[in-house]
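The values are calculated or read from the model by the stated rules, or taken from the named source; none is laboratory data. What you see is a predicted model; the values in this text were computed from it and never measured. Every residue, glycine as well, gets a Cβ built from its backbone with ideal geometry; the counts of neighbours run over all protein chains shown.
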Amino acid sequence: MEKTAAIELKNISKSFGSVVANKDVCLTVYKGEILSVLGENGSGKTTLMNMISGIYFPDEGQIFVNGEEVVIASPKDAFKYKIGMIHQHFKLVDIFTAAENIILGLEDEKKYDIKSAAKKVKEIGEKYGFAIDPMKKVYEMSVSEKQTVEIIRVLYRGADILILDEPTAVLTPQETKKLFNILRRMRDDGKAIIIITHKLHEVLSLSDRVSVLRKGECIGTVNTAETNENQLTEMMVGKKISLNIKRSEPKNSVDRLKVEHINCINREGVPLLNDISFTARSGEILGIAGIAGSGQRELLESIAGLQHLTSGRIVYENPKTGETENLRDKTPLEIRELGVRLSFVPEDRLGMGLVGNMDIVDNMMLRSYRKGKSIFLERKAPKDLAEEIIKQLEVVTPNANTPVRRLSGGNVQKVLVGREIAASPSVLMAAYPVRGLDINSSYTIYNLLNQQKENGVAVIYVGEDLDVLLELCDRIMVLSGGKISGIVDARKATKEQIGLLMTKSREVEHDEE
């Protein structure tokens, strides 16, 4: 049976000043298929999708929908041609219901009728297998429910071409499986679906074809059934790279950090951490899993002295003196000087850890200027360190004197993680260190964390990708709603087991060993 093109891009180009985001990209998506778009950071994936959905306008090239050339100058135009994009960060009004969010912004001569809208929402849900309560407020919803509202919103508007940007970034394995089943049903109904993701195993399990972008150009499109992870990685990066995380057995492991019954509440009195107890050991990587907002950030900030605790102790055994110290009584600076380092990569990478207007060398000096012996700052050592990080982590920058704000998000991340590792800590806390990084850079970071483990450092790693957590870590602690719902052996645990623990609403017995 001959396939019909739903949308076709011919020689699409887009530049921002001197930066070329896309160059002569040709891409076809057929009705009744799922196309994955892969590429490293800065390869132009999101820019390309933003041109299809009307957020950007191409400098050159043509867009065809159902065989006819169209001009998409705004999201309104995109909806006119039945194109809908589900963004990574949801665009919903918290105090509105699902139905209110879905019909918000629709131009209709008739008065808004919430009852009939809710009925139509239910019908769409039943058709594709969505579980949705049209009258539920957004602020009461889980992440996957919010995503459901976003998807139904574009279907309600009659979208036949759907674009999903990193749709599984914050979903549990069970929620991901459910979403994939829904996307397959939509494909079978004749919809054309484009999915942007960094996770190669998802690409291989879900899509029919894969298009790979590299440095703004389309390198090629392959049938998913005829490719594998190594081939796709080579297309993305332009060279062969190893996709193996070498996990060694912990050696000479001793208890380095004991967290005992800590509790933390926010200004409104809502518990953020509830009776958390665990041990981090030298020479091992302790992974922390959980749905976004389960207390991961607050936990690491508590250890680093950045969060006020209402009760509990954080006992650190100093490897140099052998003495134990309660970190709860210490300032963040004192904790850092003891060798407990927090390499936290928040969504706002420049809001915490690095100063955007300062260059890479000056950002290295933020950690060392207090050790100066005169009124003049010593710049040679920080400059050498900056050059070493640029070389080892392949930071894309004109030079070490470039302001950090001019670097891409992924390169900012490398500078931040590299600086903390270079400080030779005894406890290294890495939160989302590969968030937004392409696969090549991610594996560089995983190998660095493994080196730290082999050097006897106690590594605490917070990550979103369960496959990586299972492959990289020795033990995995799962947080759910600010409580520990389980601690498992990463060598024996399964994704499904961790996914169930992530969604547990009550604390369960867990085994530390």
> What number of residues within region 9-22 are surrounded by fewer than 18 Cβ atoms within 10 Å (Cβ to Cβ), touching a residue at least 40 places away in the same chain (Cβ under 8 Å) and not polar (S, T, N, Q)?
Replying inline: 2
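Okay, residues lined up against (1) of a type in the set (Asp, Glu); (2) touching a helix residue (DSSP H, G or I) at 6+ places or on another chain (Cβ under 9 Å); (3) surrounded by 17 or more Cβ atoms within 10 Å (Cβ to Cβ):
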site	(1), (2), (3)
Ile421	no, yes, yes
Ser426	no, no, yes
Ala430	no, yes, yes
Asp438	yes, yes, yes
Gln452	no, yes, yes
Gly456	no, no, yes
Val468	no, yes, yes
> So is Lys178 outside the structural domain of Leu501 (by TED's automatic domain parsing), in contact (Cβ under 8 Å) with a residue 24 or more places away in the chain and surrounded by fewer than 18 Cβ atoms within 10 Å (Cβ to Cβ) or not?
Replying inline: yes
> Pick from region 470-487 the residues that are in contact with a helix residue (DSSP H, G or I) (Cβ under 7 Å, 6 or more places away or on another chain) and over 23 Å from Ile421 (Cα atoms): which of them is surrounded by the most Cβ atoms within 10 Å (Cβ to Cβ)?
Replying inline: Val478
> Is it the case that Glu249 is charged (D, E, K, R) and in contact with a Phe, Trp or Tyr (Cβ under 6 Å, 6 or more places away or on another chain)?
Replying inline: no
> Which condition number does Tyr139 fail, the rest of (1) crowded, with 17+ Cβ neighbours inside 10 Å; (2) in a helix (DSSP H, G or I); (3) among the hydroxyl-bearing types (Ser, Thr, Tyr) being met?
Replying inline: (1)
>> Going through Ile83, Ile95 one at a time, which residue ends up being farther than 30 Å from Ala493 by Cβ, surrounded by 15 or more Cβ atoms within 10 Å (Cβ to Cβ) and not charged (D, E, K, R)?
In response: Ile83
> Does Tyr81 meet the test of being within 24 Å of His198 (Cβ to Cβ) and not small (Gly, Ala, Ser)?
Replying inline: no
> Would it be correct to say that Ile262 is closer than 27 Å to Ser142 by Cβ, more than 25 Å from the chain's Cα centre (by Cα), crowded, with 19+ Cβ neighbours inside 10 Å and aliphatic (A, V, I, L, M)?
Replying inline: yes
> Any residue in region 295-307 that is free of Cβ contacts under 8 Å to residues at least 12 places away in the same chain, in a loop (DSSP other than H, G, I, E, B) and either of a type in the set (Lys, Arg) or closer than 25 Å to Val143 by Cα (or both)?
Replying inline: no
> Of the residues Ala386, Ala381, which is farther than 29 Å from Glu166 by Cα, in a helix (DSSP H, G or I) and at pLDDT below 80?
Replying inline: Ala381
>> Checking the conditions here, which among Ile195, Ile245 is within 27 Å of Gln452 (Cβ to Cβ), under 20 Å from the mean Cα position of the chain (by Cα) and not polar (S, T, N, Q)?
In response: Ile245
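Here's the yes/no breakdown for (1) surrounded by fewer than 16 Cβ atoms within 10 Å (Cβ to Cβ); (2) outside the structural domain of Asn66 (by TED's automatic domain parsing); (3) within 19 Å of Lys31 (Cα to Cα):
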site	(1), (2), (3)
Ala117	no, yes, no
Ile132	no, yes, no
Met135	yes, yes, no
Ile151	no, yes, yes
Ala169	no, yes, no
> Restricting the first residue to region 24-48 and requiring it to be in the same structural domain as Asp438 (by TED's automatic domain parsing), which pairs with a second residue that is outside any helix (DSSP H, G or I) meet a Cβ separation below 6 Å and a spacing of at least six or different chains?
Replying inline: none
> Any idea which of Leu449, Leu416, Leu437 is within 15 Å of Ala280 (Cα to Cα) and not in a strand (DSSP E or B)?
Replying inline: Leu449
>> If the requirement is being over 14 Å from Gly312 (Cβ atoms) and out of contact with any His (no Cβ under 7 Å at 6 or more places or on another chain), which of these qualifies: Pro271, Pro250?
In response: Pro250
>> Which of the strands (runs of 3 or more DSSP E) found entirely inside region 154-236 contain at least 2 residues meeting this: touching a strand residue (DSSP E or B) at 6+ places or on another chain (Cβ under 9 Å) and over 24 Å from Ser442 (Cα atoms)?
In response: 161-165, 192-196
